[in-house]
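I have a structure I would like to understand better, so I am pasting it below and will then ask my questions one at a time.
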Amino acid sequence: MSYELTIEPLGQTIEVEEGQTILDAALRAGIYLPHACCHGLCATCKVQVVDGEVEHGEASTFALMDFEREEQKCLACCATLQSDVTIEADIDEDPDARVIPVVDYEGVVSRIENLTPTIKGIWLKLDGDKKVDFQAGQYVNLEIPALNQSRAFSLANAPHDGEVELNIRIVPGGLVTTYIHEQLKVGDKLKLSGPYGRFFVKKSTNTPMLFIAGGSGLSSPKSMILDLLNEGCELPMTLMYGARSQTELYYDQEFKALAAKHPNFTYIAALSDEPADSGWTGPRGFVHEAAKAHFNNDFSGRKAYLCGPPPMIEAAITTLMQGRLYERDIYAEKFISAVDSTNTVRSPLFKNI
C-alpha cells in the first residue's frame, strides 16, 4: 500500500510507501526537506500538515510538543502517512546545492584504523566498485545488521575517492559506536544510505574559508578541503582543529603536508589539556580561542564552517559573531545522538544548525 504526499510550496506530489517516513520519501525523490538529527530529537524537520492524517512515530515531546501536535505539525523524520497528505515545508533555494537523491548501498569493511584512543577510521568498499555521489560535508546513515540499528556519520573521504571513509568516535553508552569499536572487523558487510544534510561549501560566493573542527568533527572539513584542493581552488582557507592532547590529534601530519604544498591553505591545531612539559609548541586552550588569536578577533570577509561537539560549536559561533562575522556567513553541523536526547541544545542566536 502507498499514499500520495503533496509538498507545498513546491506543488510536487510523490508516492510514499506504508511505514516510510515523510523525510525518507522526499529525499529519495530528490526533494530536500530541512533536517538534522533524523531521530526525532532536534525539530529541524518540523512541517505543517495541511490535509490528511499522519502517525507521529518516535518524535520526542521536547522536539514536538503536545500543542504542536494539536496544531497538526509533525516531524518529517518520524512521521508516516495514514492517508494521502499535504504538507507545507520551509524550503530555501540554495544555488550551491546539488539535487542528489538518497540511494541505498552495500559494501564490505576493507580497513579499520585506530586514529586516536577514542576515534576509529572505518573504510568501506562498495559493491560493484560504486561511489557515493555526494557534496563534501554531507553524511550517510550507516546500518549495523547485527544490531538492527543505524546511525549518521559524516563522510571523511573526498567525493572523488573510491572508498567510503568514516571517522567514528566511541560514545559512552552508545550501542552502535561501542559495537563498531569493539566488534566490527575487516570483511564485515554493512549497508548505508545517503547522502544527507545541507552542510557543504558555498563555492558560488568565491570567499575565503575558515573551518573550525573538534574531535571526529574533523571528518567534514577534511572532505571539504580535499575536494577544494583537488579542484584547484586558490582561495585562502584555514583549518583550526581542537583536541585535548597530542594523543587525540589525527591526520596532523597529513594536514601539515597539505599546508606545505598549497600556499593558500593554513592548518593550526590547538590543544586544551596538553601537559605543560610535553614540548608542544602550538596554541594551547580551546580552538575558538586559538582562532580569535590567529585572526586578531576579525573574521570579516570569510565564510565559516563549524563541525564538532555542541559546546564547541556554541563557543565558536559566539566568538565569530563577536569578531564581525554574521549569521549568514556561518554554517554548522552537529549530530545529536540518542545519548544526547535529554540535553538537546540549539543556539538562540543561530539557525544554520
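State whether the residues of segment 194-206 include one that is assigned to a strand (DSSP E or B), among the hydrophobic types (A, V, I, L, M, F, W, C) and within 24 Å of the chain's Cα centre (by Cα). I'd like the intermediate steps shown before the answer.
Our first condition is that a residue be assigned to a strand (DSSP E or B); within segment 194-206, this holds for 194-196.
Then keep just the ones that are among the hydrophobic types (A, V, I, L, M, F, W, C); that gives none.
Looking through segment 194-206, none of the residues is assigned to a strand (DSSP E or B), among the hydrophobic types (A, V, I, L, M, F, W, C) and within 24 Å of the chain's Cα centre (by Cα).
Among the residues of segment 1-58, count how many are touching a helix residue (DSSP H, G or I) at 6+ places or on another chain (Cβ under 8 Å), assigned to a strand (DSSP E or B) and in contact (Cβ under 8 Å) with a residue 40 or more places away in the chain. Outline the logic, then answer.
As a first pass, look at segment 1-58 and keep what is touching a helix residue (DSSP H, G or I) at 6+ places or on another chain (Cβ under 8 Å): 5, 7, 14-17, 32-33, 35, 38-39, 41, 45-47, 54, 56.
Then keep just the ones that are assigned to a strand (DSSP E or B); that gives 5, 7, 14-17, 46-47, 54.
Those left that are additionally in contact (Cβ under 8 Å) with a residue 40 or more places away in the chain: 5, 7, 16, 47.
Result for segment 1-58: 4.
Does segment 253-279 hold any residues that are surrounded by fewer than 15 Cβ atoms within 10 Å (Cβ to Cβ) and not small (G, A, S), and which are they? Before the answer, list the steps.
Restricting attention to segment 253-279, the residues satisfying the condition of being surrounded by fewer than 15 Cβ atoms within 10 Å (Cβ to Cβ) are 253-254, 256-257, 260-261, 263, 273, 275-279.
Listed by number, the residues that qualify are Q253, E254, K256, K261, P263, D273, P275, D277.
Please enumerate the residues belonging to segment 162-182 that are of a type in the set (D, E) and touching a residue at least 40 places away in the same chain (Cβ under 8 Å). Walk me through how you get there before you give the answer.
Just the residues of segment 162-182 that are of a type in the set (D, E), to begin with: 163, 165, 182.
Correct list: E163, E165.
Got at least one residue in segment 211-222 being part of a loop (DSSP other than H, G, I, E, B) and either surrounded by fewer than 21 Cβ atoms within 10 Å (Cβ to Cβ) or among the charged types (D, E, K, R) (or both)? Working first, answer last.
Within segment 211-222, the subset part of a loop (DSSP other than H, G, I, E, B) is none.
No, every residue in segment 211-222 fails to be part of a loop (DSSP other than H, G, I, E, B) and either surrounded by fewer than 21 Cβ atoms within 10 Å (Cβ to Cβ) or among the charged types (D, E, K, R) (or both).
Suppose we filter segment 52-71 for residues that are under 13 Å from L41 (Cα atoms), open to solvent by 20 Å² or more (accessible area, probe 1.4 Å) and in contact with a His (Cβ under 9 Å, 6 or more places away or on another chain); how many remain? So that I can check it myself, show each step before the final result.
Taking segment 52-71 and keeping what is under 13 Å from L41 (Cα atoms), we get 56-65.
Those still in the list that are open to solvent by 20 Å² or more (accessible area, probe 1.4 Å) too: 56-58, 60-62, 65.
When the remaining residues are screened for being in contact with a His (Cβ under 9 Å, 6 or more places away or on another chain), the result is 58, 60.
Total satisfying the criteria: 2.
If a residue must be out of contact with any Gly (no Cβ under 8 Å at 6 or more places or on another chain) and surrounded by 20 or more Cβ atoms within 10 Å (Cβ to Cβ), how many such residues does segment 72-88 contain?
Step one: of segment 72-88, the residues out of contact with any Gly (no Cβ under 8 Å at 6 or more places or on another chain) are 72-74, 76, 87-88.
From what is left, the residues that are surrounded by 20 or more Cβ atoms within 10 Å (Cβ to Cβ) are 73-74, 76, 87.
Counting residues in segment 72-88 that are out of contact with any Gly (no Cβ under 8 Å at 6 or more places or on another chain) and surrounded by 20 or more Cβ atoms within 10 Å (Cβ to Cβ) gives 4.
The values are calculated or read from the model by the stated rules, or taken from the named source; none is laboratory data. Just so you know, these numbers come straight off a predicted model, no measurement behind them. Here Cβ is always computed from backbone atoms with ideal geometry, including for glycine, and neighbour counts include all displayed protein chains. To get the accessible areas, we keep the full protein, side chains included, count just its heavy atoms, and leave off ligands, DNA and RNA. Shrake-Rupley method; radii C 1.70, N 1.55, O 1.52, S 1.80 Å.
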